[in-house]
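Undergrad: Below you will find the structure I want to go over with you.
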Amino acid sequence: MKPAEAIATVLGAGNLRPAPGTWGSLAALPLAALLHLIGGPWLLGAAAIAAFFAGLWATTEVTRGSADHDPSRVVIDEVVGQWIALLPLSFGAWHVGASIFALWPGWIAAFALFRAFDILKPGPVGWADRRHDAMGVMLDDVIAGVLAALGVVLLAALAHGIMAL
């Protein structure tokens, strides 16, 4: 497997069917946990940035000369977006000294919200997707990840507010 293909498909996760984007998001979860355990939210954030730029390069390479600007096998964008959606959990666990795994409801929320924003492509997510280039492939998932992260923060505030009563 060529380096660009390995990065773009996240070592072949993008070749799984059905729903390769969901497989890419699932592949992001254990990687995020490992990154958090090794270096906390700072390493997870740095890895998301590095994966964004690696994904931009890899997506450009694997789509070169193709009419399909966003082949379903390219899932590095899902990994980046999912990691962004998980950042509030990583920061929260780090801040209070809790196990990242103790925040399992947040993992479910981050996954579900990210997949919903990525599939439905509301507002700015759809705008980025309509760029029809490698930057659009990556940006739509970054934006979906940011929206999902905001949703995770809101849900956590609601859950902790209710529990605090």
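Undergrad: For a protection proxy built on the mean count of beta-carbon atoms within 10 angstrom, sort 32-39, 20-27 highest first, please.
TA: Details: 32-39: 17.8, 20-27: 21.5.
Highest mean packing first, the order is 20-27, 32-39.
Undergrad: For Gln82, what is the net charge nearby, where nearby means another residue's Cβ is under 12 Å from its Cβ and Lys, Arg count +1, Asp, Glu -1?
TA: Spelling it out: positives minus negatives among the neighbours equals -3.
Undergrad: If you don't mind, there's one more thing I want to ask. Ignoring ligands, DNA and RNA, what percent of the 1.4 Å accessible area of the chain is carbon and sulfur?
TA: 75 percent
Undergrad: Going by Cα centres, segment 121-158 and segment 16-30 are how many Å apart?
TA: Between the Cα centre of segment 121-158 and that of segment 16-30, the gap is 17 Å.
Undergrad: Only Cα pairs under 8 Å and at least 6 apart count here; give the relative contact order of the chain as a rounded whole percent.
TA: In percent, rounded to a whole number, it is 26.
Undergrad: Also, quick follow-up: When ranked by the protection proxy of mean other Cβ atoms within 10 Å per residue, highest first, what sequence do the peptides 45-58, 144-157, 70-83 form?
TA: Details: 45-58: 18.2, 144-157: 20.4, 70-83: 26.0.
Put in order of decreasing packing, that is 70-83, 144-157, 45-58.
Undergrad: Separate question: Note down the nm distance, to one decimal, between modelled labels 7 Å out along Cα→Cβ at Leu16 and at Trp94.
TA: So the label points at Leu16 and Trp94 sit 2.7 nm apart.
Undergrad: Ok, one more. How high is the FRET efficiency between Ser66 and Met1 when r is their beta carbon distance and R₀ equals 25 Å, given to the nearest 0.05?
TA: Computed FRET efficiency for Ser66 and Met1: 0.90.
Undergrad: Using 1/(1 + (r/R0)^6) with R0 = 25 angstrom and r between the beta carbons of Leu29 and Phe53, what's the FRET efficiency to the nearest 0.05?
TA: 0.70
Undergrad: Output needed for the chain: three equivalent-ellipsoid semi-axes, defined as square roots of 5 times the C-alpha gyration tensor eigenvalues, in descending order, whole Å.
TA: 28, 17, 12
Undergrad: I want to check the label-to-label distance for Ala157 and His132. Put each point 7 Å from Cα in the C-beta direction and report it in nm to one decimal.
TA: Modelled inter-label distance: 3.9 nm.
Undergrad: Rounded to a whole number of µm²/s, how large is the Stokes-Einstein D of segment 1-62 at 25 °C and 0.890 mPa s, given Rh as the Kirkwood radius over C-alpha pairs?
TA: After rounding, the answer is 201 µm²/s.
Undergrad: Could you tally the net charge around Ala51, taking each other residue with its Cβ under 14 Å from the Cβ of Ala51, Lys/Arg +1 and Asp/Glu -1?
TA: -3
The values are calculated or read from the model by the stated rules, or taken from the named source; none is laboratory data. All values derive from a computational prediction rather than experimental measurement. Cβ atoms come from the backbone with ideal geometry, glycine included; neighbour counts cover every protein chain shown. With ligands, DNA and RNA removed, areas are computed over all heavy atoms of the protein, side chains included. Shrake-Rupley method; radii C 1.70, N 1.55, O 1.52, S 1.80 Å.
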